[in-house]
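A short write-up of the structure that comes next.
The values are calculated or read from the model by the stated rules, or taken from the named source; none is laboratory data. As the structure is a computational prediction, the values presented were derived from the model and not from experiment. Here Cβ is always computed from backbone atoms with ideal geometry, including for glycine, and neighbour counts include all displayed protein chains.
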Amino acid sequence: MSLDATTLVDAQNGLVDRSIFIDPDIYQQEQEQIFARCWLFLCHESQIPNPGDFFSTYMGEDPILVTRQSNGKIGAFLNVCRHRGNRVCRADSGNANAFICAYHGWTYGTDGKLIAVPSLKEAYYDELDTSKWGLAPVAQVDSYKGLVFGTFDPSAPSLKDYLGEMAWYLDAFFDRREGGTEAMPGMHKWVVPCNWKLAADNFCGDGYHVAWTHLAAMQVGMSQTTNAGRADTGGKVVAPGNGHVISCLGPNDPTDPPMPALLGYDERHREEVRQRLGPRIDLITPIVGTVFPNFSLLRSTSQSFRVWHPRGPDHIEVWSWGYVDKAASQEEKAAYRLAVARGFSPSGTFEQDDMDNWQECTNSARGVVSRRLPLNIQMGVGHEEFHEDYMSRVSDYRYSEMGHRTYYGRWARMMSAQNWSEL
Ligand code: FES
Ligand SMILES: [Fe+2]
């Protein structure tokens, strides 16, 4: 009998039971109810441009192989050999005609089909129906503005419906200029001893922490985007629906990373961005957010998107990519790359500040007595409403935990709902 997670989150009054950050049974239920059903980020299209290109990743704890097939379509499969379960493709990425399992040599095509079995004639007497033993496909695969997603659930809504109004906010990160964006070559992967939701909720709507957590970085000029003492310039937390959340600065707040080559970049391209995104971009500047459940995006101090892969209740693997407008110059692209390394990467100034807090929030949930005390996400309760100009629920003030209430409310419903219509 699974646990009714709606008893653990009081989204209306802003209370969260801390067992959700440490309890192994809840973690298992998350794997079933969330990671085996939601649309999860797989990779950026620019990472697999040519037939035969592949990228290895995970959906929850399930290993996944994403391929560009000979017909140009993107496929995604469980990266698990159908013979005796070995992980088939061990390389992070590359180009291949076929994938040969290291254990006994079963071989799969880029379309997942089982195309060769050693000693098929002699040892299997030609009686193995190879058409039935291809790699198991991910039920639905689709992409939006270069971002490739997959879901294991054939009954999940389309990616378009799953993203809903969040699509416009994704455009504000990934489709600002002609040609959209490209992932920077290479990526960062590292382990943080924290629960995956603490990272996801920080990115969805926590402008509040910036001036404190990142005080040292702000003081040495690593970011020009915010400080606690500055006048409110119209920032908002925005909840476009389905558990997705975005944090926004005011429309005229500077967001360029403090790199000589990038100062004034946004201003120089303001008109192009307005042409593409419409009048909403004159109201707010989206800078950080989370696509439910574990895909987060960031622009301003540096431009990075990342997946928080769960690895047990108290660990994550962060997989993080830098990204740039395709239309940016080589010099600007090089500067963005440096900004990512300096700000948001395993050794990045901001990233290190954040990881430390998430780790301690996780550790304190181990204590049986501390666990009896709920988390408080009450900031701004009642000071938020649906606003047509944003087509979303919006906080009145730039600091609000409305995003956290939205995120954990969705988490609890997703954990309990038996099907999508119950959401
Ligand atoms: S486990 Fe893959 S060939 Fe045997
Ligand atoms: Fe932070």
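Here are some residues: LEU159, LEU78, LEU147. Which one is touching a His at 6+ places or on another chain (Cβ under 7 Å), in contact (Cβ under 8 Å) with a residue 24 or more places away in the chain and among the hydrophobic types (A, V, I, L, M, F, W, C)?
The conditions single out LEU147.
Taking segment 234-261 as the range and being touching a residue at least 60 places away in the same chain (Cβ under 8 Å) and hydroxyl-bearing (Ser, Thr, Tyr) as the test, only SER247 passes.
Conditions tested, residue by residue: (1) crowded, with 18+ Cβ neighbours inside 10 Å; (2) within 24 Å of TYR408 (Cα to Cα).
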| residue | (1), (2) |
| --- | --- |
| ASN95 | no, no |
| VAL138 | yes, no |
| GLY146 | yes, no |
| PRO157 | no, yes |
| GLY179 | no, no |
| LYS189 | no, no |
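Residue-by-condition table, conditions (1) away from ligand 1 (no atom under 16 Å from the Cβ); (2) of a type in the set (A, V, I, L, M, F, W, C); (3) surrounded by 14 or more Cβ atoms within 10 Å (Cβ to Cβ); (4) not in a loop (DSSP other than H, G, I, E, B):
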| position | (1), (2), (3), (4) |
| --- | --- |
| ARG342 | yes, no, yes, yes |
| PHE350 | yes, yes, yes, yes |
| ASP356 | yes, no, no, yes |
| GLY382 | yes, no, no, no |
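Every test in (1) touching a residue at least 40 places away in the same chain (Cβ under 8 Å); (2) outside the structural domain of VAL245 (by TED's automatic domain parsing); (3) hydrophobic (A, V, I, L, M, F, W, C) is passed by LEU120 save one, and that test is (1). Does segment 326-335 include one or more residues that are modelled with pLDDT under 95 and in contact with a strand residue (DSSP E or B) (Cβ under 8 Å, 6 or more places away or on another chain)? No - not one qualifying residue is present in segment 326-335. Any residue at all in segment 366-379 that is under 21 Å from the mean Cα position of the chain (by Cα), over 21 Å from MET184 (Cβ atoms) and in the same structural domain as ALA200 (by TED's automatic domain parsing)? Checked against the condition, which is being under 21 Å from the mean Cα position of the chain (by Cα), over 21 Å from MET184 (Cβ atoms) and in the same structural domain as ALA200 (by TED's automatic domain parsing), segment 366-379 yields no hits at all. Taken over segment 187-226, the criterion of being within 10 Å of ligand 2 (Cβ to nearest atom) and on the phi > 0 side of the Ramachandran plot is satisfied by no residue.
Just to be sure, is LEU65 outside the structural domain of VAL318 (by TED's automatic domain parsing) and in a loop (DSSP other than H, G, I, E, B)? Even if it seems obvious, please write down each step before you answer.
Values: outside the structural domain of VAL318 (by TED's automatic domain parsing): yes; in a loop (DSSP other than H, G, I, E, B): no.
So LEU65 fails the test.
Report the residue count in segment 296-325 for those that are under 24 Å from TRP39 (Cβ atoms) and in a loop (DSSP other than H, G, I, E, B). Summing the residues that are under 24 Å from TRP39 (Cβ atoms) and in a loop (DSSP other than H, G, I, E, B) in segment 296-325 gives 6. Taken together, the residues in segment 80-96 that are of a type in the set (A, V, I, L, M, F, W, C) and more than 15 Å from TYR58 (Cβ to Cβ) amount to 2.
Yes or no, residue by residue, for (1) among the basic types (Lys, Arg); (2) within 21 Å of the chain's Cα centre (by Cα); (3) more than 17 Å from GLY75 (Cα to Cα):
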{"site": "ALA96", "(1), (2), (3)": "no, no, no"}
{"site": "TYR103", "(1), (2), (3)": "no, no, yes"}
{"site": "TRP133", "(1), (2), (3)": "no, no, no"}
{"site": "PHE149", "(1), (2), (3)": "no, yes, no"}
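Count, please, the residues in segment 366-404 that happen to be touching a helix residue (DSSP H, G or I) at 6+ places or on another chain (Cβ under 9 Å) and within 16 Å of THR7 (Cα to Cα). Residues meeting the conditions: 6. Those strands (runs of 3 or more DSSP E) of segment 85-175 in which 3 or more residues are within 16 Å of ligand 1 (Cβ to nearest atom) and modelled with pLDDT of 95 or more occupy 98-100, 107-109, 114-116.
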